[in-house]
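Taking it in order: structure first as structure tokens, then the write-up.
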Amino acid sequence: MTPGAPLAVLLSPRPTVVEAARRVGARSLVLAPDLSAPVIREAAAAADDAMTVDWSDHPRLMMAIGHLAHLPARAAVFGFAEPSALSAARANEALRFPGNPHAAVAYLTDKATLRGKVNQLTGAPVRFEHCDRAAHLVAVAERVGFPCVAKPRTGSGGQDVHLLRTAADAMLLAAELPYEPALIVEEFLEGPEYSVEAHSCAGTHTVLAVTRKYHSCDADCAGTGYDLPADLDPGTVREIHDLVIATLNTAGQRSGPSQTEVIVTAAGPRLIESHAHPGADHISDLLLLATGTDIAALAIATALHLPVPPPQQGGRYAGTRFLTLPPGHIEAVEGVPEARAVAGVTSVEVHVPAGSHVPEATSRVAGHGSLHGFVTAVADGPQELEAVLRKAQDTLRPVVSAPAKEEEHSAA
């Protein structure tokens, strides 16, 4: 990499983000509070330079990179997750680097403000109320109507999202909350959920893909996987695009990646929330597998005025299914090599080590993630994709011993 090449300052990136910066011709500087963390260590090793910096502390971040404003080469700060996107936007404004306005990123993190504005502008209102006192939660939930969802106004990644089906659920949650929880309580939207990946440049928004998100139907509403692209009719796709573009315009999104989550209800698409960063890591991986678009490379190249890399491939369907292991002691998960050998499978990962204990699922939290592992595959059509994923999942055989009674009691 030439010394005069543009510089991408990357806040706690994945290794693939460092690779993307190199691929578009940018130098990379990795900043992270702990460079020894496994994923960060790998990213730092691949970067041109790395520094230990708590980038969530704006003054410390400015002390660490303030001198970059005087470099002759172009530079910009990038964060591809909720906290890092906000810190990157603030740093870019302070240093007069290119990037999304800090106000736009902050607007998208405030779910209540965004919900109110989108309700006014799109003709697709969703009932909601603020809840600033735990003692008021039951009354607020009753006014919104059951079932409803309670979540932090500025949360991310599906954390601390609670589905409340009855007043009893609201009472139980209220007992666990701090005195002033700063929640938004909104109506439960019935229908399939989608994640919309987009990229913005100078205020023009391009939808890159619509991803189907799958959830279990049990009490915890856990995510079970993704399909990209979603198998939708053109009319519904247009309605989703219109809602996403209206949402991004409302927030003042100007540049970079975004993820907007919607539910397609009987009355049409409705907004869940939107973010000024790419979707979950799995979704970014599926976008690359299915369309050949590297969202990190696209964002870095656009901001630093470098040639945008052409898609590596395209026209395929990609999907991920999360693994849910049964409760008990996991002695082994057999069949992993065979699952990886299934035609179309690109990755099989099991995150639960042999000898670990999987507790009973009792949470009311609507989680998103792949705690136990996942299977990823590509195919030429949605039906073929589902068949490949199912075959790989069926090949995996957890060997589990029943939990001891005292462990059952402690997990209850």
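Here are some notes:
- Over the chain, DSSP H runs of length four or greater, each weighted -39,500 (n - 2.57), average out per residue to a 222 nm ellipticity of -10000 deg cm²/dmol.
- Cβ-Cβ distance of Gln159 and His70, R₀ of 25 Å, FRET efficiency by 1/(1 + (r/R0)^6): the value works out to about 0.05.
- Tensor-based shape of the stretch 53-103 (alpha-carbon gyration tensor, a/c under 1.5 rounded, otherwise prolate or oblate): oblate
- Set of aspartates and glutamates with alpha-carbon distance to Lys117 below 19 Å, sequence-local pairs under 8 removed: Glu129, Glu186, Glu187, Glu239, Asp242, Glu261, Glu273
- Heavy-atom accessible surface of the chain, averaged per residue, reaches 45 Å², computed with a 1.4 Å probe.
- Heavy-atom accessible surface of the stretch 77-161: percent carbon and sulfur, 1.4 Å: 52 percent
- Peptides 257-263, 8-14, 340-346, 49-55, ordered by how many other C-beta atoms sit within 10 Å of their residues on average, highest first, read 8-14, 257-263, 49-55, 340-346.
- For the chain, share of DSSP beta bridges that run antiparallel, in % to the nearest 5: 85 percent
- Contact order, relative form, for the chain: 14 percent (alpha carbon pairs under 8 Å, 6 or more residues apart, mean separation divided by residue count).
- Other residues lying with their Cβ under 15 Å from the Cβ of Arg270 contribute a combined charge of -3, Lys and Arg counting +1, Asp and Glu -1.
- Averaging the sequence gap over all C-alpha pairs within less than 8 Å and six or more residues apart, then dividing by the number of residues, gives the stretch 291-350 a relative contact order of 25 percent.
- Annotation for the stretch 181-256: trypsin sites (Lys or Arg not before Pro) lying in DSSP loop with at most 10 further Cβ atoms inside 10 Å of their Cβ do not exist.
- For the stretch 229-273: rounded, prolate or oblate by the Cα gyration tensor [a/c cutoff 1.5]: prolate
- Three-way shape label, the stretch 1-80, alpha-carbon gyration tensor, a/c 1.5: oblate
The values are calculated or read from the model by the stated rules, or taken from the named source; none is laboratory data. A quick note: this is a predicted structure, and the numbers were derived from the prediction, not measured. Every residue, glycine among them, receives a Cβ derived from its backbone with ideal geometry; neighbour counts consider all protein chains shown. Accessible surface areas use protein heavy atoms only, side chains included; no ligands, DNA or RNA. Shrake-Rupley method; radii C 1.70, N 1.55, O 1.52, S 1.80 Å.
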